[in-house]
Each structure stands twice: as structure tokens, then as C-alpha cells.
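Take a look at the structure below.
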Amino acid sequence: MSGTDNFVADAAKVFETEASALLAVRARLDDSFSEAVRALLAAPTKVVFMGVGKSGLVAEKIASSLRSVGVPAVYVSAAEAAHGDLGVYGVGDPTVMVSKSGGSSELLKVVPSLKALESTIVAIVGKAASPLADAADIVLNAEVDAEADPLGLVPTSSTTAALVMGDALVAATMQARSFT
């Protein structure tokens, strides 16, 4: 352990960094968000979520939250999707892909199959200028300026931003469906 036991001050910096990141993401909200909500509402059978690594964990949590409010939603690992797990799809089921880099090969590999299934692809991305954003039908920009850890390496602010974007989708979907 280092000689600096100023853990509360360190924690406060994390809160400040992540709160600032969320405000920046909120400022970029636009009509794409409404399009994404409409895509979720139009799902013929279910909404499918995908991601890789920590983004996959975020995608899994958003799917779980949607299920909690009565919206059929599943998480499919992007790595497994290319190996048979796309069988969960009904034609037209939308896909929400969560990716910090927007360049995950596992996600990009399944895009052509999703297009063949007439899936509207909603991308929650940490890089608006990315291959996934280019391939998506709807892009939700969750880009952050900085991660909150001391080295700027660990997905902290970026996962928080993606998660809050997902929480906003859940809340808007609940409101549109008059969920009580």
C-alpha cells in the first residue's frame, strides 16, 4: 500500500470524473435516442443485446432491466453468436450492441447475419467514428473524455456512460408502454 491513504479524496475524483462524463453524454442526446426507443417498442418478439467483455456485462444488465419491466429481452454473447446462438432471433428482432471501441471483431462479424434477419441495429458506442457505428442503423454516442481510474486504463466512465444510456432506454420504454 502506498503512503497516501487519502482514499476519500481519490473516490471523490472518481465521482467527479464519471459525473462529468455523464453530463457530456447527456448533452449529445438527440433524435437517435427516440429512434432507438421506437425500435425497442417495435420488437416483434424480443430485444437482443450483445457486447464483449465489460461492455457485454453492461449489455446483459440492460437486458435484465428490460425484462424486469415486462419487455422480452435476452443477452447473447457476441463471441457465441457467430457459432449458432443467432437461433434465438425472430425476424425483425432489434439488436442493441454495446461497445466502447466500436471495433470489436466479434460484434462486427455478426452484423451481416443480423441484417439478413432484418434486425435494426442500435449501437451504444464509446467511439462515434467507428466501424460499428458505421454499420448500425441507430447510434447512441456514449463517448467519454477520460476514464476515472488513476491511469485512465480501466473501463470506468465508459461503462458508466453505456449503462446510464441503457437505463435511459429502459425508463423511456417503460414510459412509452405506461408500465406501472
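The values are calculated or read from the model by the stated rules, or taken from the named source; none is laboratory data. In this text, all values refer to a predicted model and were calculated from it rather than measured experimentally. For neighbour counting, all protein chains shown are included, and Cβ atoms are generated from backbone atoms with ideal geometry for every residue, glycine included. Only protein heavy atoms, including side chains, enter the accessible area calculation; ligands, DNA and RNA are left aside. Shrake-Rupley method; radii C 1.70, N 1.55, O 1.52, S 1.80 Å.
Within region 1-97, the trypsin sites (Lys or Arg not before Pro) that combine a DSSP coil assignment with at most 16 other C-beta atoms in a 10 angstrom radius are 28. Dipole of the chain computed with +1 at Lys/Arg Cβ and -1 at Asp/Glu Cβ about the Cα centre; of 121, 98, 148, farthest Cα towards the positive end is 121.
Taking other residues whose beta carbon is less than 13 angstrom from the beta carbon of residue 37, and scoring Lys, Arg as +1 and Asp, Glu as -1, yields -2.
Between the helical axis of 31-41 and the longest alpha-carbon principal axis of the chain there is an angle of about 50 degrees.
Computed from label points 7 Å out along Cα-Cβ, the spacing between residue 149 and residue 118 is 4.4 nm.
Could you tally the net charge around residue 52, taking each other residue with its Cβ under 15 Å from the Cβ of residue 52, Lys/Arg +1 and Asp/Glu -1? Provide the component values of the computation, followed by the final result.
On the way: positive: 54, 61, 100, 109, 127; negative: 60, 80, 85, 106.
For residues surrounding residue 52, the net value is +1.
Spacing of the modelled spin labels on residue 38 and residue 105, each 7 Å from Cα toward Cβ, amounts to 3.7 nm.
Accessible area per residue of the chain at 1.4 Å probe, in Å²? Heavy-atom SASA per residue in the chain reads 50 Å². Here's the list of lysines a cross-link from residue 13 could span, going by alpha-carbon distance under 27 Å and ignoring same-chain residues fewer than 8 apart: 54, 61, 100, 127. According to the Kirkwood relation over distinct C-alpha pairs, the hydrodynamic radius of the chain is 16.7 Å. Helix 105-116 axis versus longest C-alpha principal axis of the chain: approximately 30°, rounded to the nearest ten. Note on residue 177/residue 13: beta-carbon distance plugged into 1/(1 + (r/R0)^6) with R0 of 30 Å gives a FRET efficiency of 0.15. Ligands, DNA and RNA left out, the accessible area of region 1-104 computed with a 1.4 Å probe is 57% carbon and sulfur.
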